[in-house]
Amino acid sequence: MPSTSHIVDEYRGYAVLIPDQTPEGQTVTVEIDSSKDVHVLHAQSPDGCELYFEIATIAKLLSHETLIAAQHRFLREGSSDAEMGEPGEQHLSGRRCTSFDFRGELGGGVRERRFLFVDGSRFTYRVVFDPTSKLNELVIQSLRISD
């Protein structure tokens, strides 16, 4: 992975390596936003594809089915051609999670995203990334959830 920022959030129980620049030379922006109930770390390249990673920490444990239904509604409102896969099970950072894939118009272009929902002891995490990018896979592999 190119030069990286090691982002550690001890309170929310996660750590991840985010590259400062993509292999194609795009500068990666990292934004952090917090409200009372949700903390979001969002990192992306300008094209929204070479790198797209987001982890939202929800300040309570919530049903994955409820979160997925809300995410589906949101995506359908923003993308008239949304294609969403059936929820399935996989593993993230050594934990079982629920996932689904999305393909459709977002942000001015056709995007592919994978949504993962995983529980910690105090938080539910929603992780979103572009599954077509090798750089995104490296970021996902670096993600550690210790909550």
Checklist entry - Can you pull out the residues in the range 93-137 that are surrounded by fewer than 17 Cβ atoms within 10 Å (Cβ to Cβ) and closer than 14 Å to Val16 by Cα? => result Glu137
Checklist entry - Within the range 38-49, is there a residue that is in contact with a Lys or Arg (Cβ under 8 Å, 6 or more places away or on another chain), at pLDDT 90 or above and either among the small types (Gly, Ala, Ser) or under 23 Å from Arg122 (Cα atoms) (or both)? => result yes
Checklist entry - Do we have Arg114 as of a type in the set (Lys, Arg), touching a Phe, Trp or Tyr at 6+ places or on another chain (Cβ under 9 Å) and in contact (Cβ under 8 Å) with a residue 40 or more places away in the chain here? => result no
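Filtering the range 30-44 down to residues that are surrounded by fewer than 12 Cβ atoms within 10 Å (Cβ to Cβ) and not acidic (Asp, Glu), which residue is nearest to Gln141 (Cα to Cα)? If you could, list the steps in order and put the result at the bottom.
So in the range 30-44, the residues surrounded by fewer than 12 Cβ atoms within 10 Å (Cβ to Cβ) come out as 31-33, 35-37.
Checking which are not acidic (Asp, Glu) leaves us with 32, 35-36.
Working: Ile32: 21, Ser35: 27, Lys36: 28 Å.
Looking at residues that are surrounded by fewer than 12 Cβ atoms within 10 Å (Cβ to Cβ) and not acidic (Asp, Glu), I get Ile32.
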Item to check | Options Arg114, Arg122; residue that is part of a loop (DSSP other than H, G, I, E, B) and either closer than 20 Å to His39 by Cα or within 16 Å of the chain's Cα centre (by Cα) (or both) | outcome: Arg122
Checklist entry - If you scan the range 62-78, which residues turn out to be of a type in the set (A, V, I, L, M) and closer than 25 Å to Glu31 by Cβ? => result Leu62, Leu67, Ile68, Ala70, Leu75
Next on the checklist: I need a count of the residues in the range 1-19 that are among the acidic types (Asp, Glu) and surrounded by 12 or more Cβ atoms within 10 Å (Cβ to Cβ).
Outcome noted: 1
Item to check | Residue satisfying condition, being closer than 14 Å to Asn136 by Cα, surrounded by 14 or more Cβ atoms within 10 Å (Cβ to Cβ) and out of contact with any Pro (no Cβ under 7 Å at 6 or more places or on another chain), within set Glu50, Glu24 | outcome: Glu50
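The values are calculated or read from the model by the stated rules, or taken from the named source; none is laboratory data. Here the structure is a predicted model, which is why all the values come from computation and not from measurement. Please note: Cβ atoms are built from the backbone with ideal geometry, for glycine as well, and neighbour counts cover all protein chains shown.
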